[in-house]
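The block underneath contains the structure these notes are about, expressed in structure tokens.
The values are calculated or read from the model by the stated rules, or taken from the named source; none is laboratory data. If you're wondering where the values come from, they're calculated on a predicted model, not measured in any experiment. A quick note on method: Cβ atoms are made from the backbone with ideal geometry, for glycine too, and the neighbour counts reach across all protein chains shown.
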Amino acid sequence: MLVTRRAYGHRMSWEARHVSVGIARPPAEVLAYAGDPRNLPAWAAGLARGVRPGADGVSWITDSPMGEVAVRFAPPNDLGVLDHDVTLPDGTVVANALRVLPNDAGSEVVFTLFRRDGMDAAAFEADAAAVLEDLRRLREVLER
């Protein structure tokens, strides 16, 4: 799902920040682990404390700090795309861009964070810090 904003026929965009970490593992290994929703509780505390398959067979239900949310990943691929939509308890769908890029023999994992309408600077900074913490945890898990 591509989320864009339109106003009076012109495309507008949110402020974006790319949060990334290097991981000393091949991209295929990072992609396989991070792309498996069952692994979310081990590294994505900002999204999942527990996870179970959704009734639709393609989404996953997580117990998050925001309440129960549904997570739906892009179909498995070897291009490094781990984009995922998160449906919040109020029904809002947030599209998240997550990439695993080759970086020499290892990987660079990049999450693009958007500052959505109504999000003040402090909340945006807190979100960025939480994403960085999750990505660092992913690195710790994969480099053990």
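Observations on the structure shown:
- Odd one out for V30 among (1) of a type in the set (A, V, I, L, M, F, W, C); (2) farther than 16 Å from S107 by Cα; (3) part of a helix (DSSP H, G or I): (2)
- D85 in contact (Cβ under 8 Å) with a residue 24 or more places away in the chain, closer than 19 Å to P37 by Cα and assigned to a strand (DSSP E or B): yes
- Whichever residue in the stretch 112-128 is outside any strand (DSSP E or B) and within 14 Å of the chain's Cα centre (by Cα) and, among such residues, is modelled with the highest pLDDT: A128
Quick grid of which residues meet (1) in contact with a Pro (Cβ under 8 Å, 6 or more places away or on another chain); (2) of a type in the set (S, T, Y); (3) not in a helix (DSSP H, G or I):
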{"position": "G57", "(1), (2), (3)": "no, no, yes"}
{"position": "I61", "(1), (2), (3)": "yes, no, yes"}
{"position": "P76", "(1), (2), (3)": "no, no, yes"}
{"position": "L79", "(1), (2), (3)": "no, no, yes"}
{"position": "D90", "(1), (2), (3)": "no, no, yes"}
{"position": "P102", "(1), (2), (3)": "yes, no, yes"}
{"position": "V110", "(1), (2), (3)": "no, no, yes"}
{"position": "A130", "(1), (2), (3)": "no, no, no"}
{"position": "R136", "(1), (2), (3)": "no, no, no"}
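- Enumeration of residues in the stretch 45-54 that are touching a helix residue (DSSP H, G or I) at 6+ places or on another chain (Cβ under 9 Å), assigned to a loop (DSSP other than H, G, I, E, B) and not basic (K, R): A45, G46, L47, A48, G50
Table: residues versus (1) surrounded by 15 or more Cβ atoms within 10 Å (Cβ to Cβ); (2) under 28 Å from R144 (Cβ atoms); (3) without any contact (Cβ under 8 Å) to a residue 60 or more places away in the chain; (4) touching a helix residue (DSSP H, G or I) at 6+ places or on another chain (Cβ under 9 Å).
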site: P37; (1), (2), (3), (4): yes, yes, yes, no
site: D56; (1), (2), (3), (4): no, no, yes, no
site: D90; (1), (2), (3), (4): no, no, yes, no
site: G106; (1), (2), (3), (4): yes, yes, no, yes
site: V109; (1), (2), (3), (4): yes, yes, no, yes
site: F124; (1), (2), (3), (4): yes, no, no, no
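- Some residue of the stretch 20-39 being modelled with pLDDT under 95 and closer than 20 Å to F124 by Cβ: no
- Residue selected from the stretch 76-88 under the condition over 10 Å from the mean Cα position of the chain (by Cα) and not small (G, A, S), by the criterion surrounded by the fewest Cβ atoms within 10 Å (Cβ to Cβ): D78
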